[in-house]
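Since the structure comes first, as structure tokens, the remarks are kept for the end.
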Amino acid sequence: MSDDKHNILITAISLFKKYGLQGVTMNDVAQQLGISKKTLYVYFSSKEALLCGSVQLFINQMNLTIEDIVTSHEHPIQKILKISIKLLAEFSSMDSVYFYTLNKTYPKVIQLIESFRNEFINTHLQPLFIAAYEQKCFSKDVDIDLFMKIRFLKIDQHYFELKTVAPDIVLKECFYHLVAYQLIGICTSTFQNTCKEFIEESYLNYYKN
């Protein structure tokens, strides 16, 4: 990817996060970059193409972040928590109506997001849950695959739905209600206190970094 194209995408991501998908035009992006709209169209033929490129870059960046966490030497539960709070923090910087706008207007972008969701679950999250299960962190009657699909497959959707009913909710409350309490609920009684320590540690470390 050329530097010019990369700079366009970085600028577009910033504007989409701040003003929402409907609140940003191709002209807005061009003005922010100090280029003509004609030049912008050389790189991206439409707003949907620009949005697809922006989402793909965001996904690539998140995959690198997740990969760094997954390959660390921490406990599987710590990795799950760290990944979760990173994702939620990214969602918290986005306009709250983004998800609904995507569903109605940009089906190609939804396909990219669906692909990322499946990769996130199958490639990154599932091995961590299996490792934690094998270490007897979870109750033996828990269906790990079902739990992941319910709680994590559409964590972005869960976040924005929560923000709709509780618009003033902060990141910590989102993290605890969408992720932390759910994990505690499936832990064995002997592991619950350790899980709680990991949760508090993950949240505090996020703000330290």
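Descriptive notes on the structure:
- Assessment of segment 143-157 against the conditions (in contact with a Cys (Cβ under 8 Å, 6 or more places away or on another chain) and touching a residue at least 60 places away in the same chain (Cβ under 8 Å)) yields no matching residue.
Condition check ((1) β-branched (Val, Ile, Thr); (2) under 23 Å from Asn60 (Cβ atoms); (3) touching a strand residue (DSSP E or B) at 6+ places or on another chain (Cβ under 6 Å)) across all residues:
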position	(1), (2), (3)
Glu119	no, yes, no
Leu125	no, yes, no
Ala131	no, no, no
Lys140	no, no, no
Ile144	yes, no, no
Ile155	yes, yes, no
Phe160	no, yes, no
Thr164	yes, no, no
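- Test result for Gly53, under 22 Å from the mean Cα position of the chain (by Cα) and either at positive phi or of a type in the set (Lys, Arg) (or both): no
- Pairs, first surrounded by 12 or more Cβ atoms within 10 Å (Cβ to Cβ) in segment 164-183, second part of a helix (DSSP H, G or I) and of a type in the set (Phe, Trp, Tyr), C-beta under 8 Å, six or more apart: Lys172/Tyr203; Cys174/Tyr159; Phe175/Tyr203; Leu178/Tyr159; Gln182/Phe147
- Filter result for Thr39 (hydroxyl-bearing (Ser, Thr, Tyr), modelled with pLDDT of 90 or more and loosely packed, with under 14 Cβ neighbours inside 10 Å): yes
- Wholly within segment 17-125, helices (runs of 4 or more DSSP H) carrying at least 3 residues that are touching a Ser or Thr at 6+ places or on another chain (Cβ under 8 Å) and closer than 30 Å to Gln192 by Cα: 76-92
The values are calculated or read from the model by the stated rules, or taken from the named source; none is laboratory data. Just so you know, these numbers come straight off a predicted model, no measurement behind them. Neighbour counts run over all protein chains shown; Cβ positions are idealised from the backbone, glycine included.
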